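The values are calculated or read from the model by the stated rules, or taken from the named source; none is laboratory data. Treat the numbers as computed from the prediction; the structure is a model and nothing was measured. Heads up, the Cβs are rebuilt from the backbone with ideal geometry, glycines too, and the neighbour counts pull from every protein chain shown.
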Amino acid sequence: MSAKVHVHMQVSDFEKSKEFYARFFGALPVKDKPGYAKFLPGLGPINLAISQGGVPNPAGPVNHMGVQVDSPAAVETELFRVKAAGLPVVEEKGVDCCHANQDKFWVVDPDGVRWEVYCLNRDIEEAESTPVRAETPKAGVPCCASDCCPPA
């Protein structure tokens, strides 16, 4: 499996941050939308997303952490393992979020850090219908809780 660590950060100055990460990684974002950019640099197995944060987040700039896997089957394998370990999960299949359709599940660590394990099913372009966010899960783990995911 070729997994990537996913970090989604809310930034106070989107354009300045986008320029910084492009220079730092030596690569332009692979997805560049108003208020949202995603980097998949050759520097390491990371998937960094940034989005305009607006009001500073009191918990810091990290919106959530995650692991991107290659397929829905890999999501299911990890979901089975995590459930067997006794951790509460929130499952989302075919959810439109952050300009993409994804299968995923969420867990929350003891300090409230949200982690997702997900696969990218397909990118969503603006010409398609407005992305519909999955119903907010019972555990209070919304899609990405940022400006990139409009409310339903």
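Listed values, structure above:
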item	result
Residue count, region 1-39 (criterion: in a helix (DSSP H, G or I) and surrounded by 15 or more Cβ atoms within 10 Å (Cβ to Cβ))	6
Residue that is modelled with the lowest pLDDT, among those in region 70-79 that are among the acidic types (D, E) and in a helix (DSSP H, G or I)	E78
Selected residue (only one of N57, N47 is at pLDDT 90 or above and either assigned to a strand (DSSP E or B) or not charged (D, E, K, R) (or both))	N47
V62, sole failed condition from (1) under 24 Å from G112 (Cβ atoms); (2) at pLDDT 85 or above	(2)
Tally, over region 95-152, of residues that are at pLDDT below 50 and more than 19 Å from Q10 (Cα to Cα)	11
Unique match (being β-branched (V, I, T), touching a residue at least 24 places away in the same chain (Cβ under 8 Å) and not in a strand (DSSP E or B)) among V95, V82, V67	V82
